[in-house]
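Step one of this worksheet: look at the structure below.
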């Protein structure tokens, strides 16, 4: 249908129009209103909701009856569904910043969020594309990607940081401040994509993770607690697989081939049948049969026995709780387990490979395939045993079917945020989900911006973002925002170890770390804008010096930011700089070719080009694992380094830009479903603990007002 | 304001009215429409949504201006908010039953549920009283109880059963069939209140738990998986408390009094302050001070040390997974735990005391108090140590703040269902939540019915419903529906052990079990209607005989039910019988006085009066625990027997009505927060396992249609 037959516009807040025809069947109320006249003001007045899309077509055309109104409406609707590149008419929430800045939860509580369905509509989501969870959270269905598949993507901005202090330098806060500036102050479509935090640290030492000050996701307690249950779903799926492994070993150890087979393929109403996943296993084993009664004894044994070698099990149980007593445990000590106890451990839930799968997948079918591919152990002949072999792929997918949908929330200024996936940055890639970024890039439209955050310093989070996440997604980043603080630069310059509210001034020769991180981003061909997160103790001279040094090191621009104390308007300069940097053509390239280079070669490339190491040194164990993974056919996966984030080197106390060090690789592991090999540089704890005075001492609920207290 | 000034009515589906005045500020769209005329038909037409409440008042009255329309509207609104005793205009979903009856998930998928906000409105919930989770689930806020506090309760019906076979006799199915009959066929307001099933068995042997055949809660996969995350919240809260216990012991063992105190009450910006929960602890310890610097050395030690005796810890970790290898484990074997390993276990999440608290609480403040009261261990002097002592009450409450709101879903015929709480019936009381029942009783109005289900046979589930749940809630039950099957009665009559699809006919002298269970209900003064859940293999003569024998044993009525094969219309006779029984005045009484009788005496009363035991026999351990709990001041709690559900006695294979047995009490435990003492009659497993071929082999997700397959 010819578009020229009508025009569309958005009903402004000041208008009250009467509609000629309102579409009810199958169409969400007031999604579209059709006018049969050129001049809306000629039409008798009644209410139209501001923000409604209006299709205006000529009255002559309508009365000419050359097209039935219903057809026109349905064509119009289709046309509208495929068009998204408009500037949002977003109702932004006003901020009235106080000084001194109140606590995060007080600021969050002081702002009333928009109803999430209103926000969803404002950014062009259709009613059938969202699933509301309470008043302020919604899941977004993946069908939106199909609807908008012809829509050009927006600009893709990564927020990374310099090597941080243990307190962090405010990457989340910069991410949120930047989108607040872009959308609420420069009227540019933008989306922030954040990771969901683990609930463990929320009750331990860390408190909330929704940004801070006047740059936050609200309601911050919803962000920090449960959200829509994605991490709980991961816990359930992870632990079902763990239970399946040990139970299977027990049953194989205590039953004959025949008994096992009779139980695995039982006689039901006189008929024996393979389930679909069992047929897939037969195929994998090269047994080309579908009738259970025709298997030879040898085939029965091959089918029924996974022959898992318990000492090779790499799949751990998980909890989303900081429980240090589960770091090393012995399981299976009950009489019912007949002596098959073994040593095991619990990790924090976000360290589950399933979290990394969720973060890297791009569709339901892909997620299912990745879940099935996850390797949990080797069998006694050294072959990998997968979730698929255990028959649990479908069940894991069912448990994860809602978790795959990104969660929509909003900033303090009412701009949209996706919160989705939070893979543990110590042993996984530490970036939010590919799917959230992909959907957001469509929703903002070609002129819009998606700002996503990488965990830890740029040497870790950004490197993994480029080499792992962008490789999985196929998305091309346009700009890197590199967050720095004067506090951290002083530490790199030889200042004393930082304590929460105390540091001394030293020369800013720690800028070497900033310069090095800028150069790392440039390795990938992406322009860098340095965001200096300003603290009230920073002097003008310090701020100017850092910005000057950053530009000299090759940054496209470097600007001080004040979003923490005043919200988006404190980051307008940053937003302008990012917009300008994004207007350049991206020269993005990967650091290594994943197919051609060997595992060792890839590790060495990262160590030398990114960290500045002289070379790497593999332990015998690491070398053996590399040989095994290569033999098993996993040599062509990208590398996910598990290294301290507190130094460019493997030693946390080596600040600045360490040189001439040899990077020791103590062990190598594999997340085959997620799709990477992860070398361990030193020991990585995968289960945090609680301190003597955990922050839960301050957390409380006012049972009258239902307000949460003590989250910060 | 005088109500006579207006009348209210519901706009029928065929009407299109124009409204004179529409209330927007603060009022949900179309909650109320006010007409300024006596005759609606005189008013120019536009749309009014069917089901809208219309306030009609005289035009003369309005033009007389004796009352401002705004005031009238707001009074009218208040009046309406407080009135609920109208008959719902529920849009019921039509059923077209097939023969043979398809699988549960096929039936569930064949029906499109109403949008849950539509259902909520139909049953009189206001827009601000629900929180929608996806399309078909909503949480209901507790504020509705305050709004409707003057509304008389509906009739309260308990569904219990005879001593079941291991396959169950269909109590959930009867519960749902009964409400479908009441509301969809007899046009009586009714609500079903069900437990949320544990996800562990869903992937193990059991499959779904949403009813069956044409009497189900839909969508059944939403019911069975995650729901709105309540069990996940319980898992998180339970395990935070568990982690706090072990970490505290470690920190106390490795730090001096002073170091502990300095960490518990740290210097922040030069100031030391107690948190609220620490002030509460000081008060409990009798230390009347608020300035941390003024405590004596002895007081510091008392405050800082809980001195938990590790061998007395009763608080276990939980997972919602069938993981038998966690039944007995050793924790704390990592070097970081410095040798403080100990033996522990994981239970299935629904066995957590927090689940029992959720099921028995009646408000947020009460839940917080119960969570704080939970006893986790004794200290070295034998005093109970609580969650409150560990400083975690507020955090637990915050984690549970959404779980406390009942979950609204619907039956296959579109009638309302609450799904809320599912305490493990083996060691807890096995009944759905007090709050769901209370809210439902208000929503159905005085003439309506709330049908709630008790776990296991009447000797267990019903006894606990009366003595524990009704005692906690203060609610008075009107009718007991006792579910029986010919299959189970044959087993009680000496038929062979039942296997899934095979049993032989024997005489129905197993009716003795039914007669005994009827008599148990009569002990509590509540009339019994027997619901015979008919299977296609049952003969007319068998059905008649069971009904006849039931009535002779004192049942108010006994009727065969066919809801499984045809939906609500197959249970209309049952619904009529229940309605008639409910018209009698309830003579409800507890079995024992909880304050006056000792723990032993209460246990003996249940054993003798309910189970028919000759006496009880306490192990020395049980006696010691009873002495301890009595000394600790817990002697006045009700009793929650942990006994096999497969026999009236403690021996599962003693069918019918066992006599002359001595009930052995092997141990006694306490759930102080939930508010009961639970004697163990034999060993109770609190962690199920997976079979060799778990049902997850059949569970799958179609990644194109997003449909779940293989749940049954």
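Please treat every number below as a calculation from the coordinates, not as lab data. Since the model is a prediction, treat every value here as computed from it, not as a measurement. Cβ coordinates were reconstructed from backbone atoms using ideal geometry, including for glycine residues, and neighbour counts include every protein chain displayed.
Would you work out the relative contact order for chain B, in percent, from Cα pairs under 8 angstrom that are 6 or more residues apart? Present the calculation step by step, with values, prior to reporting the outcome.
Details: 1493 pairs, mean separation 125.0, N = 712.
In percent, rounded to a whole number, it is 18.
Relative contact order (percent) for segment A:141-228, with alpha-carbon contacts under 8 angstrom and 6 or more residues of separation? Let's see the in-between values first.
Numbers: 58 pairs, mean separation 21.6, N = 88.
Reported as a whole number, the value is 25 percent.
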Just counting partner chain Cβ atoms within 10 Å, what average do the residues of peptide A:686-694 show around their Cβ? 6
Work out the mean other chain Cβ neighbour count within 10 Å for the residues of A:258-264 and drop it here as an integer. 2
DSSP-defined beta bridges in the protein assembly as shown - what % are antiparallel, rounded to 5: 50
Output row for residue B:601: copy-to-copy label distances, label 7 Å along Cα→C-beta, ascending, in nanometres, one decimal, is 8.6
Under the convention of a label 7 Å out along Cα→Cβ, give the distances in nm from residue A:382 to the same position in every other copy, shortest first. 6.3
Which FRET efficiency value, to the nearest 0.05, is calculated for residue B:584 and residue B:280 with the Förster distance at 45 angstrom and r the Cβ-Cβ distance? 0.40
For chain A, what value does the Rg/Rh ratio take when both radii are computed over Cα atoms and Rh is the Kirkwood radius, given to two decimals? 1.01
Would you give the gap between the C-alpha center of segment B:359-428 and the C-alpha center of segment B:302-316, rounded to a whole Å? 21
Just to be sure I understand: of the beta bridges DSSP finds with both ends in chain B, what percent are antiparallel, rounded to 5? 50
Per the C-alpha gyration tensor (a ≥ b ≥ c, the square roots of its eigenvalues), segment B:119-163 is rounded if a/c is under 1.5, else prolate if a/b beats b/c, else oblate; here it's oblate
Which whole-angstrom value gives the distance between the alpha carbon centres of segment B:633-668 and segment B:241-289? 43
Sorting A:271, B:376 on the 10 Å Cβ count, fewest up front, what's the list? A:271, B:376
Whole-Å semi-axes of the ellipsoid equivalent to the protein assembly as shown (Cα gyration tensor, √5λ, descending): 50, 43, 33
For label points placed 7 Å from Cα toward Cβ, what is the shortest-first list of nm distances from residue A:285 to its copies? 6.3
Order by neighbour count: B:594, B:265, A:668, fewest other Cβ atoms within 10 Å first, most last. B:594, B:265, A:668
Determine the shape class of segment B:553-710: with a ≥ b ≥ c the square roots of the Cα gyration tensor eigenvalues, call it rounded for a/c under 1.5, and otherwise prolate if a/b is greater than b/c, oblate otherwise. oblate
First obtain the Kirkwood hydrodynamic radius of segment A:599-681 from its Cα pairs, then insert it into the Stokes-Einstein equation at 10 °C and 1.306 mPa s, and state the resulting D in µm² per second as a whole number. 123
How many angstrom lie between the Cα centre of segment A:686-712 and the Cα centre of segment B:437-461? 36
Give me the inter-chain shielding for A:313-322: mean count of other chain Cβ atoms within 10 Å, whole number please. 4
Would you compute, from DSSP H runs of 4+ residues alone, the mean residue ellipticity of chain A at 222 nm, taking -39500 (n - 2.57) per run and dividing by the full residue count, rounded to the nearest 500? -8500 deg cm²/dmol
How far apart, in nm, are the 7 Å Cα→Cβ label points at residue B:271 and residue A:128? 5.7
Segment A:231-400, relative contact order [Cα under 8 Å, separation at least 6], %: 28
Exposure proxy ranking, count of Cβ atoms within 10 Å, fewest first, for B:418, A:325, B:341: B:341, B:418, A:325
Using packing as a proxy for protection, rank B:459-468, A:380-389 so that the peptide with the highest average count of other Cβ atoms within 10 Å comes first. B:459-468, A:380-389
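Would you please classify the overall shape of segment A:231-400 from the alpha carbon gyration tensor, given that a ≥ b ≥ c denote the square roots of the eigenvalues, rounded means a/c under 1.5, and beyond that prolate means a/b larger than b/c while oblate covers the rest? If you can, show how the numbers build up before the last one.
Numbers: a/c = 2.10, a/b = 1.36, b/c = 1.55.
In terms of gyration-tensor shape, oblate.
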